[in-house]
Amino acid sequence: MDAFKHNVLAGKTAFIVGASSGINLGIAQHFARQGARIVVVSRTEAKIAAAAAGIVEAGGDALGIAADVRDFAALDAAFMQASDRFGKIDIVISGAAGNFVAPAAAMSANGFKTVIDIDLIGTFNVLRASYPYLNRPGASLLSITATQGTNPAMFQAHACAAKAGINMLTKCLAMEWGPEGIRVNAISPGPIAGTEGMARLTPTPEAEHALKSRLALRDYGSLRDVADTALFLASDNARYITGSIIECDGGCKLGDASTSDIGNFSIKM
Ligand code: NAP
Ligand code: COA
């Protein structure tokens, strides 16, 4: 790992929630390569231990802590433990989420509430719990939202409502905490290859192909695409960016960019 270390985040501590797998683990590994000390947080002890061990084995510095984002006291304790070990927190990523595909008419009240509790209230809990522990001025807070936060989607009423709430929360906290030198932004990824999220949303090769054919860039993104976006937003290079929802989505939010409805044709140059 040392051979690739550019030290953009040298001396910084990143507290990354939902980092035991997928997009957030990709961010944690990328930030470690850039010299940050990493705190890996999610619900499942064994997954956290494996994620933290992987970062350490690759030459990074990582601490794993189990906490459910629905439990504010557990998050507060996690921030206290992290700052006892590493000092004030420079970067927070709030990326824990739960999702499943279900028509609203078949969704139980508890099913809807569960996704709101994890995604939206969990994000408030993470960002609010971080507040006393932040290295200010200069702290950068990032939430992971989704195109469902701006574009309605079938069978995603819970995730759409939750991610739309995260987008507004991002802007409100940016206004309130900006005067202290705390930046608050969100990344809205499009479909990212090899993730649990896409395994749930497009579970078959046919569904995956159909979605790709509607994307302007005609492909899924990679973990690295999101991690590079997060690196920029977390770094001092983004020092004048706050309250922004940055899309890393292959054009997903633009809507259907397929040509099937007007037939096949080619443009001669
Ligand atoms: P993932 O691998 O399932 O990651 C979800 C993470 O959240 C895991 O680390 C999970 O770990 C943790 N988590 C779930 N519930 C939790 C809770 N109650 N408390 C604490 N941690 C919890 O999914 P992913 O697809 O990479 O998605 C990561 C983020 O990107 C999510 O915010 C998702 O909405 C967003 N996103 C994903 C895509 C995509 O293409 N995949 C697109 C747009 C947005 P434990 O199970 O150990 O708790
Ligand atoms: N369809 C309809 N309802 C569902 C469902 C599905 N596929 N999966 C769960 N639910 C409902 C449950 O039936 C329950 O409602 P009920 O009490 O009325 O029966 C409610 O959601 C809570 O389910 P439970 O399994 O107790 O929640 P949990 O807190 O243990 O898990 C989930 C949360 C459901 C979101 C689970 O899928 C999860 O942990 N996901 C994390 C990983 C993930 O989703 N990654 C992708 C991120 S985009």
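The values are calculated or read from the model by the stated rules, or taken from the named source; none is laboratory data. As the structure is a computational prediction, the values presented were derived from the model and not from experiment. When we count neighbours, we look across all protein chains shown, and the Cβ atoms used for this are built from the backbone with ideal geometry, even at glycine. The area values use the complete protein model at the heavy-atom level, side chains included, leaving out ligands, DNA and RNA. Shrake-Rupley method; radii C 1.70, N 1.55, O 1.52, S 1.80 Å.
Which of the following residues is touching a Phe, Trp or Tyr at 6+ places or on another chain (Cβ under 6 Å) and hydroxyl-bearing (Ser, Thr, Tyr): TYR220, TYR133? Before the answer, list the steps.
On the way: TYR220 fails: touching a Phe, Trp or Tyr at 6+ places or on another chain (Cβ under 6 Å).
Result: TYR133 is the single residue among TYR220, TYR133 that is touching a Phe, Trp or Tyr at 6+ places or on another chain (Cβ under 6 Å) and hydroxyl-bearing (Ser, Thr, Tyr).
Of all residues in the range 217-269, which are at positive phi and modelled with pLDDT of 95 or more?
So the first thing to find is which residues in the range 217-269 are at positive phi, and the list is 218, 243, 250-251, 255, 263.
Once the filter is applied, which keeps residues that are at positive phi and modelled with pLDDT of 95 or more, the range 217-269 yields ARG218, GLY243, GLY250, GLY251.
Determine if the range 230-242 includes at least one residue that is away from ligand 2 (no atom under 16 Å from the Cβ), more than 17 Å from ILE93 (Cα to Cα), loosely packed, with under 13 Cβ neighbours inside 10 Å and of a type in the set (D, E, K, R).
no
Assuming GLU247 fulfils every condition listed in (1) surrounded by 13 or more Cβ atoms within 10 Å (Cβ to Cβ); (2) touching a helix residue (DSSP H, G or I) at 6+ places or on another chain (Cβ under 9 Å); (3) touching a residue at least 24 places away in the same chain (Cβ under 8 Å); (4) more than 21 Å from PHE31 (Cα to Cα) apart from one, which condition is it?
(4)
With more than 10 Å from ligand 1 (Cβ to nearest atom), closer than 17 Å to ILE93 by Cα, under 13 Å from the mean Cα position of the chain (by Cα) and open to solvent by less than 40 Å² (accessible area, probe 1.4 Å) as the only criterion, which of ALA174, ALA227 stands out?
Numbers: ALA174 fails: under 13 Å from the mean Cα position of the chain (by Cα).
Going through ALA174, ALA227 in turn, the sole match is ALA227.
Among all residue pairs at least 6 apart or on different chains, which show Cβ distances below 9 Å where the first residue, located in the range 179-193, is over 20 Å from ALA96 (Cβ atoms) and more than 16 Å from ligand 1 (Cβ to nearest atom) and the second is in a strand (DSSP E or B) and of a type in the set (Ser, Thr, Tyr)?
Once the first residue is over 20 Å from ALA96 (Cβ atoms) and more than 16 Å from ligand 1 (Cβ to nearest atom) and sits in the range 179-193, its partners that are in a strand (DSSP E or B) and of a type in the set (Ser, Thr, Tyr) give ILE182/SER140; ARG183/SER140.
Return the pair list, or none, for Cβ contacts closer than 6 Å from residues in the range 142-155 that are hydroxyl-bearing (Ser, Thr, Tyr) to residues that are open to solvent by less than 50 Å² (accessible area, probe 1.4 Å) and not in a strand (DSSP E or B), at least 6 apart or on different chains.
Qualifying pairs under 6 Å: SER143/THR123; SER143/ILE166; SER143/THR170; THR145/LYS163; THR145/ILE166; THR145/ASN167; THR147/ASP249; THR147/CYS252.
Restricting attention to the range 62-90, report how many residues are aromatic (Phe, Trp, Tyr), under 17 Å from THR13 (Cβ atoms) and touching a helix residue (DSSP H, G or I) at 6+ places or on another chain (Cβ under 8 Å). Full working, then the answer.
Looking only at the range 62-90, we keep the residues that are aromatic (Phe, Trp, Tyr), and these are 72, 79, 86.
Retained after the next criterion (residues that are under 17 Å from THR13 (Cβ atoms)): 79, 86.
Within this subset, residues satisfying the condition of being touching a helix residue (DSSP H, G or I) at 6+ places or on another chain (Cβ under 8 Å) are 79.
The qualifying residues number 1.
How about the range 8-51: which of its residues are more than 14 Å from ligand 2 (Cβ to nearest atom), in a helix (DSSP H, G or I) and open to solvent by 20 Å² or more (accessible area, probe 1.4 Å)?
GLN29, ARG33, GLU45, ALA46, ALA49, ALA50
Can you tell me which residue among GLY54, GLY59 is surrounded by fewer than 24 Cβ atoms within 10 Å (Cβ to Cβ), outside any helix (DSSP H, G or I) and in contact with a helix residue (DSSP H, G or I) (Cβ under 9 Å, 6 or more places away or on another chain)? Lay out the reasoning, then the answer.
On the way: GLY54 fails: outside any helix (DSSP H, G or I).
Just a single option satisfies the conditions, and that option is GLY59.
Of ALA66, ALA97, ALA109, which residue is within 16 Å of ligand 2 (Cβ to nearest atom), crowded, with 17+ Cβ neighbours inside 10 Å, over 23 Å from SER235 (Cα atoms) and over 17 Å from the mean Cα position of the chain (by Cα)?
Values: ALA97 fails: over 17 Å from the mean Cα position of the chain (by Cα); ALA109 fails: crowded, with 17+ Cβ neighbours inside 10 Å.
Testing whether each residue is within 16 Å of ligand 2 (Cβ to nearest atom), crowded, with 17+ Cβ neighbours inside 10 Å, over 23 Å from SER235 (Cα atoms) and over 17 Å from the mean Cα position of the chain (by Cα) leaves just ALA66.
ALA52 - would you say it is within 20 Å of the chain's Cα centre (by Cα) and within 16 Å of ligand 1 (Cβ to nearest atom)? Steps first, please.
On the way: within 20 Å of the chain's Cα centre (by Cα): yes; within 16 Å of ligand 1 (Cβ to nearest atom): yes.
Yes.
From the list PRO179, PRO152, PRO203, which one is in a helix (DSSP H, G or I) and either open to solvent by 50 Å² or more (accessible area, probe 1.4 Å) or at pLDDT below 95 (or both)? Break it down stepwise before answering.
Numbers: PRO152 fails: in a helix (DSSP H, G or I); PRO203 fails: in a helix (DSSP H, G or I).
Exactly one residue qualifies, and that residue is PRO179.
Look at SER83 and say whether it is open to solvent by 10 Å² or more (accessible area, probe 1.4 Å) and away from ligand 1 (no atom under 14 Å from the Cβ). Give the steps one after another, and end with the answer.
Numbers: open to solvent by 10 Å² or more (accessible area, probe 1.4 Å): yes; away from ligand 1 (no atom under 14 Å from the Cβ): yes.
Yes: the conditions hold for SER83.
How do the helices (runs of 4 or more DSSP H) wholly within the range 68-140 filter down when requiring 3 or more residues that are free of Cβ contacts under 8 Å to residues at least 12 places away in the same chain: which remain? Let's see the steps before the verdict.
Details: elements: 72-86, 109-115, 122-130.
Per the criteria, 72-86, 109-115.
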